[in-house]
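The values are calculated or read from the model by the stated rules, or taken from the named source; none is laboratory data. This is a predicted model, so every value here is computed, not measured. Neighbour counts run over all protein chains shown; Cβ positions are idealised from the backbone, glycine included. Keep in mind that these areas ignore ligands, DNA and RNA; they rest on the heavy atoms of the full protein, side chains included. Shrake-Rupley method; radii C 1.70, N 1.55, O 1.52, S 1.80 Å.
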Amino acid sequence: MEVDEETCIGGFLQRSQEGTAGPTDYSRETAAFDGRAPPSLARKRRRSKWAARPAEQVAAKVTRTDENGSWILASVQRFYADTETYDVQDEDDTSKLIRLPWSHVMRLSTGAEGCFHKGTDCMAIFPETTSFYRAKVSKNPVWKLSANGNTPLVKEVIVKFEDDEDEQGRTPHRRVPSRYVIPIPHNYFYEESDDVDLTPPTSK
């Protein structure tokens, strides 16, 4: 069936001028998303589902500042779903527990995420330490199949660390196991629901 273009466009413009309050109101009333951020209980359930498990290695922020090296390698002892807090142990000092909020603990990479392209800002464990320092991915990662041959993985990431210049002022490329390369905190803890515009619409 042939459709006359001018008739089609004309009908669209006419409907736009007359308004479509009925169908629009119906879709708004029946939509699952109501324009509000999810309740705290829903967030807690989601965070509990993805929380690190006991004995799992994680990156943990153990200082109040954002200074370089404030994130360290630690192991989870327990996660408290009601308060969204962790008990962790420093991998270099297992003599004491450290209680941290949910936003101070990051799970480590599996190598399958594929989020570290060349030029990506990240944090990585500096060689021969257990502290994460700010860095930038300096080469695109190389993907290889896992031992079972089914899952593409990145085994190592090549980065340049901040403030790592040599005597000639050049910053070397350093190889870091992908497990110990993590996103910057803002990207890791980002939730789309945080971007919902909760400002009530204004009537003209």
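Given the conditions (1) at positive phi; (2) under 15 Å from the mean Cα position of the chain (by Cα); (3) open to solvent by 30 Å² or more (accessible area, probe 1.4 Å), which single one is not true for residue 128?
Only one criterion in (1) at positive phi; (2) under 15 Å from the mean Cα position of the chain (by Cα); (3) open to solvent by 30 Å² or more (accessible area, probe 1.4 Å) is unmet by residue 128, namely (2).
Taking residue 44 as meeting all but one of (1) in a loop (DSSP other than H, G, I, E, B); (2) touching a residue at least 24 places away in the same chain (Cβ under 8 Å); (3) open to solvent by 60 Å² or more (accessible area, probe 1.4 Å), write down the number of the exception.
The single condition residue 44 does not satisfy is (1).
For a quick check of your reading: which strands (runs of 3 or more DSSP E) sit entirely within the stretch 71-162 and have at least 3 residues that are closer than 23 Å to residue 53 by Cα?
Per the criteria, 71-80, 85-90, 93-101, 105-107, 121-125.
Examine the stretch 148-155 for a residue that is open to solvent by 50 Å² or more (accessible area, probe 1.4 Å) and on the phi > 0 side of the Ramachandran plot, and state whether such a residue exists. Please lay out each step first, then the result.
Initial filter on the stretch 148-155 (open to solvent by 50 Å² or more (accessible area, probe 1.4 Å)): 148, 150-152, 155.
Those still in the list that are on the phi > 0 side of the Ramachandran plot too: none.
So far as the stretch 148-155 goes, no, none of its residues is open to solvent by 50 Å² or more (accessible area, probe 1.4 Å) and on the phi > 0 side of the Ramachandran plot.
Identify the residue in the stretch 53-79 that is of a type in the set (Ser, Thr, Tyr) and either under 23 Å from residue 162 (Cα atoms) or over 21 Å from the mean Cα position of the chain (by Cα) (or both) and, among all such residues, is least open to solvent (accessible area, probe 1.4 Å).
70
Kindly provide the set of residues from the stretch 83-112 that are of a type outside the set (A, V, I, L, M), out of contact with any helix residue (DSSP H, G or I) (no Cβ under 8 Å at 6 or more places or on another chain) and farther than 15 Å from residue 132 by Cβ, ordered by number.
Looking only at the stretch 83-112, we keep the residues that are of a type outside the set (A, V, I, L, M), and these are 83-87, 89-96, 99, 101-104, 107, 109-111.
From what is left, the residues that are out of contact with any helix residue (DSSP H, G or I) (no Cβ under 8 Å at 6 or more places or on another chain) are 83, 87, 89-96, 99, 101, 104, 107.
Those that are of a type outside the set (A, V, I, L, M), out of contact with any helix residue (DSSP H, G or I) (no Cβ under 8 Å at 6 or more places or on another chain) and farther than 15 Å from residue 132 by Cβ: 83, 87, 89, 93, 94, 95, 96, 99, 101.
Could you check how many residues of the stretch 109-136 are touching an Asp or Glu at 6+ places or on another chain (Cβ under 8 Å) and of a type outside the set (Phe, Trp, Tyr)?
Count: 4.
Kindly indicate the residue of the stretch 163-186 that is open to solvent by 90 Å² or more (accessible area, probe 1.4 Å) and within 25 Å of residue 52 (Cβ to Cβ) and also modelled with the highest pLDDT among those meeting that condition.
179
In the stretch 66-82, which residue that is aliphatic (A, V, I, L, M) and out of contact with any helix residue (DSSP H, G or I) (no Cβ under 7 Å at 6 or more places or on another chain) is farthest from residue 181 (Cα to Cα)?
First pass over the stretch 66-82, keeping only residues aliphatic (A, V, I, L, M): 72-74, 76, 81.
This time we only want the ones that are out of contact with any helix residue (DSSP H, G or I) (no Cβ under 7 Å at 6 or more places or on another chain), so: 72-74, 76.
Numbers: 72: 12, 73: 11, 74: 14, 76: 18 Å.
Across the stretch 66-82, the extreme among qualifying residues is 76.
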